[in-house]
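Q: Handing you a structure now.
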Amino acid sequence: MKKIVIVLLLLFIKVNASVVVMDADSNRVLYSSNMNERKLIASTTKVMTSLIALDMGSLDDKITIGDEILKVNGSMIYVKQGETFTLNDLLHGLMLQSGNDAAMSIATKYGYDDFIANMNIKAFKLGMYNTNFENPHGLNDETKNYSTAYDLAVLMSYAIKNKDFLKITQAKRYKVDKYIWVNKNKLLSEYKYLISGKIGYTKASGQVYVSSARKNGKTLVIASIDEADKFNLHKRLYEEYFEKYEKYKLLDKYFISFKIDDGENNHYYLKKDINVLLRPDEVKNVRLKIDLNQKCVLVLLNEDVIFKEKLYKISYKKRISRIKELLSFR
């Protein structure tokens, strides 16, 4: 009799790995494991590096490579001192091939200390309260960058709303002069719904990966730290949570508008729709609350706040004047 051996391949998440699945529209956490544990984040640092570069410079800025590239090692694009590139070129080398030399040249161009300071200021403004940057590349020999899976997911949710960032990270290869840089984010080619991502690795950090995917109008972000099977994990979690959750528009920006008699007759309004991913069984437990102290609309699931959207105000007289202006056929 022949023996039949059946091998089952099960996909586990490493016990001490940090993982977050997040709704990119609301920043609601749909799944997490060790999400607030501070860890080294390696080259996923470069998501913030690229955003600060886009804030401080223009894509056609010229950058001449200097001796700053001698201070780094590891993953490189191997540009040489004296060569000149545009910021757009170096951002492709940074995000596709994870060039530590590109990171140093970009940060040096805009003033190294100011650049690092702006990375930390941006992190604080985004609510990444467990994050600290000491360098623009993610190497952890002399300086170290710490964050959490939650903070990285928040960062990617913000980053994918930047059209330049999204275009750069969606490129599978980039050629400039004699250089060809290939995207190391192989899930971009293997999973058709992926729209962005950045991998990172050092011996101390383990495998780090933050990515985003969009399917049927739903956009998710996944961040994982110290999980070796990162590509399979992200793909499986995307499929699982795209299936579990549906997108609901809770408020239309054109249909929430009200005047408060607060002595100033201010008029409050939304600039964006409120969209949230919910499981069908959760819908009946959702309610909305207007908080004028915080000047926001709160979305509550049972008693937990799962989303906030800022309310803006304008004086009632200005609003009426603006409406008349829009309706005028002069």
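The values are calculated or read from the model by the stated rules, or taken from the named source; none is laboratory data. None of the values given here were measured: they were computed from a predicted structure. Heads up, the Cβs are rebuilt from the backbone with ideal geometry, glycines too, and the neighbour counts pull from every protein chain shown. The area values use the complete protein model at the heavy-atom level, side chains included, leaving out ligands, DNA and RNA. Shrake-Rupley method; radii C 1.70, N 1.55, O 1.52, S 1.80 Å.
Q: Pick from H234, H137, H267: which is most flexible by mean-square fluctuation in a GNM of the chain where alpha carbon atoms under 10 Å apart are linked?
A: It is H267.
Q: Continuing with the same structure: Given all pairs of different Cα atoms, what value in angstroms does the Kirkwood hydrodynamic radius of the stretch 78-182 take?
A: On the way: mean 1/r = 0.0675 Å⁻¹.
Mean inverse Cα-Cα distance, inverted, gives 14.8 Å.
Q: I'd like the projected area of the stretch 48-110, averaged over all directions, using the convex hull of its alpha carbons. Report it in nm² with one decimal.
A: Details: hull surface 14.1 nm².
Value for the stretch 48-110: 3.5 nm².
Q: In what sequence, largest accessible area first, do E309, E246 appear using a 1.4 Å probe? Please report the intermediate quantities before stating the final value.
A: Numbers: E309 20, E246 80 Å².
My answer, sorted largest first, is E246, E309.
Q: Assuming a viscosity of 1.306 mPa s and a temperature of 10 °C, what translational diffusion coefficient in µm² per second does Stokes-Einstein assign to the chain, Rh being the Kirkwood radius over Cα pairs?
A: Working: Rh = 21.8 Å.
Calculated translational D: 73 µm²/s.
Q: Further question on the same structure: Quick one: which of 86-97, 289-300, 40-51 comes out on top by average Cβ neighbours within 10 Å, and what's the full order, highest first?
A: Details: 86-97: 24.0, 289-300: 13.7, 40-51: 26.8.
Highest mean packing first, the order is 40-51, 86-97, 289-300.
Q: Within the chain, what whole-number % of the accessible surface is contributed by carbon and sulfur, with the 1.4 Å probe and all protein chains included in the calculation? Could the numbers behind the result be given before it?
A: Details: 8830 of 17330 Å².
Accessible surface attributable to carbon and sulfur in the chain totals 51 percent.
Q: For the chain, what is the calculated [θ] at 222 nm in deg cm²/dmol (nearest 500), taking -39500 (n - 2.57) for each run of four or more DSSP H residues and dividing by its residue count?
A: Values: 9 runs with 95 residues, N = 330.
After summing the helix terms and dividing by residue count, I get -8500 deg cm²/dmol.
Q: Considering the chain as a Gaussian network with a 10 Å cut-off on Cα pairs, which listed residue, N120, N140, N302, attains the greatest mean-square fluctuation?
A: N302
Q: Roughly speaking, what is the stretch gain from N73 to I121, that is 0.36 nm per residue apart minus the C-alpha to C-alpha distance, in nm to one decimal?
A: On the way: separation 48, 0.36 × 48 = 17.28 nm, distance 2.66 nm.
Taking 0.36 nm per residue and subtracting the Cα distance, the gain is 14.6 nm.
Q: Further, regarding this structure: Estimate the FRET efficiency between K308 and D281 by the formula 1/(1 + (r/R0)^6), using the beta-carbon distance for r and 25 Å for R0, to the nearest 0.05.
A: Numbers: r = 23 Å, r/R0 = 0.92.
That gives a FRET efficiency of 0.60.
Q: Using a 1.4 Å probe, how large is the accessible area of R287, given in Å² and rounded to the nearest 10?
A: 100 Å²
Q: Compute the whole-percent fraction of alpha carbon pairs in the stretch 114-248 spaced more than 24 Å apart. Write out the running numbers ahead of the final one.
A: Working: 3045 of 9045 pairs.
Roughly 34 percent, once rounded to a whole number.
Q: Sticking with this one: Using a probe radius of 1.4 Å on heavy atoms only, what accessible surface per residue do you get for the stretch 40-131? Whole Å² is fine.
A: Numbers: 3480 Å² over 92 residues.
Here the per-residue accessible area is 38 Å².
Q: At 0.36 nm per residue, and after removing the present C-alpha to C-alpha distance, how many nm does the segment from Q294 to K192 gain when stretched out fully? Before the final figure, lay out the partial values.
A: Values: separation 102, 0.36 × 102 = 36.72 nm, distance 3.99 nm.
Difference between extended and current length: 32.7 nm.
Q: Could you state the accessible area per residue of the stretch 178-286 in Å², with a 1.4 Å probe and every protein chain left in place? Intermediate results must be reported in sequence, preceding the final value.
A: Details: 5340 Å² over 109 residues.
Accessible surface, normalised per residue, equals 49 Å².
Q: Of L233, L278, L288, which has the largest mean-square fluctuation in a 10 Å C-alpha GNM of the chain?
A: Of L233, L278, L288, the Gaussian network model singles out L288 as fluctuating most.
Q: Something else: Label N16 and D273 with points 7 Å out from Cα along Cα→Cβ: what is the distance between them in nm?
A: Taking the two extended label points, one gets 4.5 nm.
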